[in-house]
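Throughout, read-outs are computed from the coordinates displayed, never taken from laboratory work. These numbers were taken from a predicted model, which means no experiment stands behind them. All Cβ positions, even for glycine, are placed from backbone atoms using ideal geometry, and neighbour counts span all protein chains on display.
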Amino acid sequence: MDLSLTKDQQSFREEVRAFLAASLTPELRRGAELTSGVFAEPDIAREWQAILEEQGWLVYHWPDHAGGPGWTPIQRWIFEKECAEAGAPVLPGMGLKLVGPVLYTFGTQAQQDYYLPRLRSAEHFWAQGFSEPGAGSDLASLRTRAVREGDHYIVSGHKIWTTQAQYANRLFALVRTDAEVKPQKGISFLLIDMAQPGVTVKPILSASGDHELNEVFLDEVRVPVSDRVGDEGQGWSIAKFLLENERGGSSFAPAILADLARLHTSAGPLTGELADRALRLRLEAEALEMTELRTLIEIEHGAAPDPRSLTTKLLASEIRQGLEALAVDAFGLAGLQLPGERPFYGGDMPAPVVSPAAQVAAARYLNARAWSIFGGTSEIQLTLIAKAALGL
Ligand SMILES: Cc1cc2nc3c(=O)[nH]c(=O)nc-3n(C[C@H](O)[C@H](O)[C@H](O)COP(=O)(O)OP(=O)(O)OC[C@H]3O[C@@H](n4cnc5c(N)ncnc54)[C@H](O)[C@@H]3O)c2cc1C
C-alpha cells in the first residue's frame, strides 16, 4: 500500500500550513501548550472555533451535505496532523465530534436547522450524559427515567463523569423510556436544555486538581418530545453510532508524535534510559500512525475499515500514558510541581520551576491515566477486538 502523499495532497498540506501560520496566535499556542486536560478550556476554544468557522474548516470531518468542506479522509488526517504539529488547541469534542454527526444522521430537519448552526457558533456548548453510577461499561443498565406527559418527557436521574458540564448549556443524554423491555430496547436519546430548574451540576476534581468532570443531577426536568433524536427506544443504536465516532473518529498518532517532538525541545536532549524510552514511544506512535493511515486509505477507496482499526484507541492510550510518564521523568524534580491554580496559562499561576512545560507535566501525567477509561475502557476495547478481529 502506497502511503506517500500525492501532489494534490501535498499542496493541500501547504495551504493548511499557511493558514495555521497566519491564524494561530502566540496566545492560542501558549494556551494549548499549557492545557493539562484533554480539551481546551472555553476561553481558548471559543476563539479558535470562531477562526476555524470563518475559514470554513470548523466541521472539517462532516460530509458536505451537512455543511462540511467535503474533504477526503486523507485531507482530514493532513489537517489534524498539521494542527497537532502547529500546537493548535484541541476543541471540545462533545458537540462537534459526537452530537453533531448524530444530528445530521438521525435528527429531523427541524432539529438540524435549530441545533447545527448553534453548535457551530458555540452558542450551544454540549456535554455528554451517558455514564451513571453503576452504568459505565455496562451502559445499557442506565436508570435515568424519562416519563412521557403529553408533549414532554419528565426526566429524573444522576449522570456522572460528565466532561466540561460546568460550561455546558446543552446535554445529550441516554434515558430509559421503557423499563419493561430488554434493557437496550428501552433507551432513548434526548437533547436537554441545562438552563432550567431541576438541573444541578456538581464538580469532581481529578487527582491533578483539574476540574474537567462533573456529576449532573436531573430532577423532574422537562424535555419536549420534539427534542428526542430518533424514535423512542432507538437510543441504543444511536449511542453505538456515537461511540464508534468517539473511539475511532480521529487519528491519535499525530498529536502523540507532535507532543513527543515538543518534549525533546523543552526537556533538552534525552540520554540513556530516557532516550531509549523516547525512541520506543516514537516507533510505537509511528506504527500506530501507519495503522491509522491504512484504515483511512481503505475508507477513501470505499472499503469498510478492517477490524484492526479497533486497536487504535487502545494503543493510543498506552502510548499517551507512556509519553506523559516520560515527560515527568525527563524534567526530574521540576516535573513534580503541581500548583493548585488553573489554568496554567492564567495570570494567577506561580512562576514555573525550570519551564512552563515542566510545570504542566505532573498534571498531564495524572490526567492521562484517564485515557484507558474514557470512551470505553481498555478492557472493553480488548473484548471488542477479541470478538471482531479474532472471532472469539
Ligand atoms: C476523564 C473522563 C471523562 C469522561 N467523560 C465522560 C462524559 O463526558 N460523559 C459520559 O457519559 N461519561 C464520561 N466518562 C465515563 C466513562 O465513559 C466511564 O468511566 C467508562 O465507560 C467506564 O465506566 P465506569 O467508570 O463505570 O467503570 P466500570 O464500568 O465500573 O469499570 C470498572 C473496571 O472494571 C472493568 N470492567 C467492567 N466491565 C468489564 C467487562 N465486561 N470485562 C472486563 N472488564 C470489565 C473496567 O475495564 C474497569 O477497569 C468519562 C470518564 C473519564 C475517566
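Points worth noting:
- Within straight-line cross-link reach of residue 240, aspartates and glutamates at Cα separation under 14 Å, skipping those fewer than 8 residues along the same chain: 138
- Proportion of all alpha-carbon pairs of the stretch 7-91 beyond 23 Å (%): 20
- Percent RCO, i.e. relative contact order, over the stretch 251-388, from Cα pairs under 8 Å lying at least 6 residues apart: 26
- Its Cα centre serving as origin, the chain has a Cβ charge dipole (Lys and Arg +1, Asp and Glu -1) of approximately 500 debye.
- For the stretch 68-74, the Karplus equation 6.51 cos²θ - 1.76 cosθ + 1.60, evaluated at θ = phi - 60°, returns couplings of x, x, x, 6, 7, x, 5 Hz by residue, with Gly and Pro reported as x.
- Given 159/387; 81/313; 97/185; 7/97; 159/202; 182/313, the pairs whose alpha carbons are separated by over 21 Å: 159/387; 97/185; 7/97; 182/313
- Globularity index of the stretch 125-233, i.e. its alpha-carbon radius of gyration over 2.2 N^0.38 Å: 1.03
- Per-residue [θ]222 nm for the chain (sum of -39500 (n - 2.57) over DSSP H runs n ≥ 4, rounded to 500): -14500 deg cm²/dmol
- Distant-in-sequence amide contacts of residue 212, defined by a placed amide H-H separation under 5 Å and a gap of 5 or more residues or a different chain, comprise 206.
- Sites listed here are chymotrypsin sites (Phe, Trp or Tyr not before Pro) in the stretch 291-392 whose DSSP assignment is loop and whose Cβ has at most 12 other Cβ atoms within 10 Å, and the list is empty.
- Taking the alpha carbon gyration tensor of the chain, multiplying each eigenvalue by 5 and rooting it gives semi-axes of 34, 25, 22 Å, largest first.
- Karplus 3J(HN,Hα) series, Hz, for the stretch 288-297 with 6.51 cos²θ - 1.76 cosθ + 1.60 (x for Gly, Pro): 4, 4, 4, 5, 5, 5, 4, 5, 5, 5
- Under Karplus coefficients 6.51, -1.76 and 1.60, residue-wise ³J(HN,Hα) of the stretch 182-193 in Hz, glycine/proline x: 3, x, 4, 7, x, 9, 10, 10, 10, 9, 10, 6
- Dipole magnitude of the stretch 1-151 about its Cα centre (Cβ charges: Lys, Arg +1; Asp, Glu -1), debye to nearest 20: 240
- Here the stretch 125-233 is treated with +1 on each Lys and Arg Cβ and -1 on each Asp and Glu Cβ, and its dipole about the Cα centre works out to around 100 debye.
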